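Here is the structure we will look at, set down as structure tokens.
Bear in mind these aren't lab numbers, they're just calculated from the coordinates by the rules spelled out. None of the values given here were measured: they were computed from a predicted structure. Please note: Cβ atoms are built from the backbone with ideal geometry, for glycine as well, and neighbour counts cover all protein chains shown.
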Amino acid sequence: MNKSVTRRASVAALAAGTLICVCSVLAVVQVSPLQAHLDGDFLHISAPRLNFLNGKALERLKDGVSIAFVGQLSISSIPNAVVGDARSIARFALSYDIWEERFSVSRFGDRPGQHRSISHLSAQAAESWCLDNLMVDRSLVPADRPFYVQLDLRADDPRDQLGIVGDTGINITRLIEIFSRPVKSNQQRWLLNAGPFKLADLRKASHG
């Protein structure tokens, strides 16, 4: 066989092998759409690729209209569970300062004393703050078996606000009901699942 042909074949085989290795590495380092971590007594989540402050929601904010999202973080022993073993629910009200070009967020949680507010945030920081403030007490996370994490985030339907927001605060029962029913037409929703996780591994990572 011609030596030049043999040399080209060897180079092609080497390139193909290199491509396979590169693809394998990319598959390993691919970021999960939903990540979990421990911080003190709570399990928190992050979603580096989730962007919900865009489109019509962002347009309304920049027009001076406040908007809201409702979120539910669930922990379950099986993937894609409809009802989790433990959960945290919150409502996030957002506004936008057109002069400073920064966002403000107020959080109303499923327990008394969980009202928090923050301001002067970029869009990405506001999204991250919302997700980080959906947390589950680590005592409710299974310690003896793998578990799965699910995020259900929905744009708040203005028709529901009268039933959720009142003079005394948030109606938690009403908020829970929202996640037990299908999404309304044209209502934005983001549903992310990840796992299995092990509490021991999360403990090691939090101390690593």
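Quick notes on this structure:
- A simple rule links phi to the HN-Hα coupling: the Karplus curve 6.51 cos²θ - 1.76 cosθ + 1.60 with θ = phi - 60°, which for segment 122-138 gives 6, 4, 5, 5, 5, 4, 5, 5, 4, 5, 5, 9, 9, 9, 10, 4, 4 Hz, with x for Gly and Pro.
- By the count of neighbouring beta-carbon atoms within 10 Å, fewest first, HIS207, HIS44, HIS120, HIS37 end up ordered HIS207, HIS120, HIS37, HIS44.
- All aspartates and glutamates inside 18 Å of LYS198 as judged from Cα atoms, apart from same-chain residues fewer than 8 positions distant: ASP39, ASP41, ASP85, ASP137, ASP144
- Most tightly packed first, judged by the mean number of other beta-carbon atoms within 10 Å of their residues, the peptides 58-64, 71-77 read 71-77, 58-64.
- Among VAL149, VAL65, sorting on how many other beta-carbon atoms sit within 10 Å of each Cβ, with the fewest leading, yields VAL65, VAL149.
- The coefficient of translational diffusion for segment 33-207, derived via Stokes-Einstein from the alpha carbon Kirkwood radius under 25 °C and 0.890 mPa s, stands at 146 µm²/s.
- Inter-site label distance for ASN51 and GLN187 at 7 Å from Cα along Cβ, in nm: 2.6 nm
- Stretched out straight at 0.36 nm per residue, the stretch from SER180 to GLN124 would grow longer than its current Cα-Cα span by 17.3 nm.
- Here the extension length gained between HIS37 and ASP97 equals 18.4 nm, from 0.36 nm per residue of separation less the Cα-Cα distance.
- Placing unit charges on the Cβ atoms of the charged side chains and taking the dipole of segment 92-141 about its Cα centre, the candidate lying farthest along the positive direction among SER104, HIS120, ASN133 is ASN133.
- Extension gain from ASP157 to LEU202, taking 0.36 nm per residue of separation minus the Cα-Cα distance: 12.7 nm
- Ranked by the mean number of other Cβ atoms within 10 Å per residue, highest first, peptides 185-197, 87-99 order as 87-99, 185-197.
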